[in-house]
Amino acid sequence: MTSSKSPSQARKHWRRFLIALGLGGIIALLAIAYNEENAGLAILGAYCIPTNSILPLPHEPGLLFFANYYDPLWIAIAATIASGIAAFVDYATVQGAMRFASVRRARDGKWFRWAAKSFMKQPFATVWLFAISPLPVSVVRILAPAAGYNVWRYVAAMMLGRLPRFYLFAWIGHVFPIPGWVLLVAVAAPILMLIFASTASDAGSEERDSEERDVDV
């Protein structure tokens, strides 16, 4: 993958994401038209799209919450469709970032080239393994597009791995209902941590700037 093609590749994947998002919206509207009670599944799908890609929030609390109201299989299907839609964002984001020289240098580095080469030996199985297991899926979200792996195979592997994983969480939430406040804390905690980290970083930056000004004076 060359840097000159990255912007156009990123735009292509954004278009695919928008098309997939539109199709997902049509499916949601048809499901709601068939039965208004399916609105909760549509909400779950909308929540799982960003939380399965760029938004650093857990998707598991959403699965556990809606498991109180829907069959685990339908929850798993809705969340899996959402994860497939979100998969295009991974490619659009990573390939769009390739226009930055610092990102290209990191991609061309020794360790990243080794990781990409290792990944491409069994890319489908690797994506599937990270998608179904507790392994950090963000690894393959970066490696797959950076290594130039076929996006459609990536989407398929991601969905095949996510479906049983989502079903397991939905089944647990269905059999062992978890209080809503616990799930709310699980969602709010990462947000508060990000806010705290950002505030601390800004405070440290201002302190360093103040020290530099004092030295100049």
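For the reader, a short list of remarks on this structure follows.
- Condition broken by K121, with the remaining ones in (1) assigned to a helix (DSSP H, G or I); (2) modelled with pLDDT of 90 or more satisfied: (1)
- Of all residues in the stretch 120-141, those satisfying the criterion of being out of contact with any Gly (no Cβ under 9 Å at 6 or more places or on another chain) and surrounded by fewer than 19 Cβ atoms within 10 Å (Cβ to Cβ) are K121, Q122, F124, A125, P134, L135, P136, S138, V139.
- Matching residues, the stretch 95-119, being within 18 Å of the chain's Cα centre (by Cα) and surrounded by fewer than 20 Cβ atoms within 10 Å (Cβ to Cβ): G96, A97
- If you go through the stretch 30-63 and keep only what is of a type outside the set (A, V, I, L, M, F, W, C) and over 23 Å from P179 (Cβ atoms), you end up with Y34, N35, E36, N38, G45, P50, N52, S53, P56.
- Candidates A33, A46, filtered to the one that is among the aliphatic types (A, V, I, L, M), free of Cβ contacts under 8 Å to residues at least 24 places away in the same chain and surrounded by fewer than 23 Cβ atoms within 10 Å (Cβ to Cβ): A33
- Restricting the stretch 64-81 to residues that are in contact with a Pro (Cβ under 9 Å, 6 or more places away or on another chain) and buried (at least 17 other Cβ atoms within 10 Å of the Cβ), the residue that is farthest from P179 (Cα to Cα) is A76.
- In the stretch 164-182, the residues that are surrounded by fewer than 19 Cβ atoms within 10 Å (Cβ to Cβ), among the hydrophobic types (A, V, I, L, M, F, W, C) and touching a residue at least 12 places away in the same chain (Cβ under 8 Å): W171, I172, I178
- Annotation: of all residues in the stretch 114-124 being among the hydrophobic types (A, V, I, L, M, F, W, C) and in contact (Cβ under 8 Å) with a residue 24 or more places away in the chain, the one that is farthest from R153 (Cα to Cα) is A115.
- Of all residues in the stretch 57-83, those being under 14 Å from A46 (Cβ atoms) and of a type outside the set (S, T, N, Q) number 11.
- Out of S83, S53, sole residue that is in a loop (DSSP other than H, G, I, E, B) and under 19 Å from G25 (Cα atoms): S53
- W111, sole failed condition from (1) under 18 Å from Y154 (Cα atoms); (2) without any contact (Cβ under 8 Å) to a residue 60 or more places away in the chain: (1)
The values are calculated or read from the model by the stated rules, or taken from the named source; none is laboratory data. Just so it is clear, the model here is predicted, and its values are computed rather than measured. Don't worry about glycine lacking a Cβ; one is built from the backbone with ideal geometry, like all the others, and counts go over all protein chains shown.
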